[in-house]
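Colleague: Take this structure first; my questions come after.
The values are calculated or read from the model by the stated rules, or taken from the named source; none is laboratory data. Just so it is clear, the structure is predicted and the values come from calculations on it, not from any experiment. All Cβ positions, glycine included, derive from the backbone under ideal geometry; neighbour counts span all protein chains shown.
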Amino acid sequence: MGIRPLILVVEDERAIADFLSAQLSTSHYRVLTACTGAQAISMATSHCPDLVLLDLGLPDRDGLEILADIRTWSALPIVIVSARNQEEDIVQALDHGADDYITKPFSNSVLMARVRTALRKRFANGEGPARTKQSFGDGRLSIDYGKRLITTHEGQLHLTPVEYKMLTLLAQNAGQVLTYSLLRKELWGPYAGDNRALRVNMANLRRKIEENSADPQFLLTEIGVGYRMIESDDEEFD
Ligand code: CA
């Protein structure tokens, strides 16, 4: 990409805002900061950032309101960065349109991975060729979408239709958490019940894909929130 991506950091705590700005600038992103909700909305509309990192506890408005506000006019990636670490806060933000969620305190590597993932999605959206193949863990797991083939070091896998859909949903959003409710809705429609079927299918999928399903390397659990597939290897396009 030619122009370096522009990231809007919305954070009222000066020390955290400075830390985020410094880390992002070091990684060659352009950075803007806002310390109130009102400023965040005004900067998001006037500067069209490629990504927003959004704190929830702001002095004038709650971050969830800012999220809802931006979502009425834009699908730009928004990653919540918050000290609120309760499962229901995280699920609520994700289900209201946040792309991802980082809890404070966070490590720089987690921050950068989430930023990369959110931006990749931003620049992949709509434009460009459709993904035809994807691999994970230095090729230890690969997906061929055209042929509907899943391959591991043990060879070709046989997945049920639900397992295949679950894996490809997570793979196409690799690096990003998908909530239980989103996955249920995608797999079984709006009237899907509890998470039991989801858990059963995930257990089966892990048995087939993971070398040790008790210690998964590809399909990670975010307890109380959902599942996250690891970041993919460099992608191949047709
Ligand atoms: Ca705050």
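Colleague: Count, please, the residues in region 55-89 that happen to be within 16 Å of the ligand (Cβ to nearest atom) and of a type in the set (Gly, Ala, Ser).
Modeller: Total satisfying the criteria: 4.
Colleague: OK, next. If only one of LYS104, LYS133, LYS121, LYS147 is touching a Pro at 6+ places or on another chain (Cβ under 8 Å), modelled with pLDDT under 95 and of a type in the set (Lys, Arg), which one is it?
Modeller: Being touching a Pro at 6+ places or on another chain (Cβ under 8 Å), modelled with pLDDT under 95 and of a type in the set (Lys, Arg) holds for just one of LYS104, LYS133, LYS121, LYS147, which is LYS121.
Colleague: Test of understanding: among GLN176, GLN156, GLN172, which residue is surrounded by fewer than 15 Cβ atoms within 10 Å (Cβ to Cβ), within 21 Å of ASN201 (Cα to Cα) and touching a strand residue (DSSP E or B) at 6+ places or on another chain (Cβ under 8 Å)?
Modeller: After applying the criteria, what remains is GLN156.
Colleague: Give the residues of region 189-203 that are surrounded by fewer than 18 Cβ atoms within 10 Å (Cβ to Cβ) and touching a helix residue (DSSP H, G or I) at 6+ places or on another chain (Cβ under 6 Å), sorted by residue number.
Modeller: ALA192, ASN195
Colleague: So, in region 135-172, how many residues would count as being out of contact with any Ser or Thr (no Cβ under 8 Å at 6 or more places or on another chain) and in a loop (DSSP other than H, G, I, E, B)?
Modeller: 10
Colleague: Given the residues LEU58, LEU53, which is the only one that is of a type outside the set (Val, Ile, Thr) and under 24 Å from PHE123 (Cβ atoms)?
Modeller: Unique residue meeting the criteria: LEU53.
Colleague: Ok, one more. State the number of residues belonging to region 1-29 that are within 16 Å of the ligand (Cβ to nearest atom) and hydrophobic (A, V, I, L, M, F, W, C).
Modeller: Matching residues across region 1-29 total 8.
Colleague: Another question about this same structure. State whether one or more residues within region 82-94 are over 26 Å from SER42 (Cβ atoms) and under 15 Å from the mean Cα position of the chain (by Cα).
Modeller: yes
Colleague: OK, next. Go through GLU186, GLU222, GLU210 for me and flag whichever is among the charged types (D, E, K, R), crowded, with 16+ Cβ neighbours inside 10 Å and farther than 23 Å from ASN85 by Cα.
Modeller: Just one listed residue meets the conditions, GLU210.
Colleague: I'm told HIS96 meets every condition in (1) over 20 Å from LEU32 (Cβ atoms); (2) in contact with a helix residue (DSSP H, G or I) (Cβ under 9 Å, 6 or more places away or on another chain); (3) surrounded by 15 or more Cβ atoms within 10 Å (Cβ to Cβ) except one. Can you identify the failing condition by its number?
Modeller: (3)
Colleague: From the list VAL52, VAL110, pick out the single residue that is free of Cβ contacts under 8 Å to residues at least 60 places away in the same chain and within 16 Å of the ligand (Cβ to nearest atom).
Modeller: Just a single option satisfies the conditions, and that option is VAL52.
Colleague: Across region 30-40, which residue is nearest to the ligand (Cβ to nearest atom) among those that are within 18 Å of SER82 (Cβ to Cβ) and of a type outside the set (S, T, N, Q)?
Modeller: By that ranking, first place goes to CYS35.
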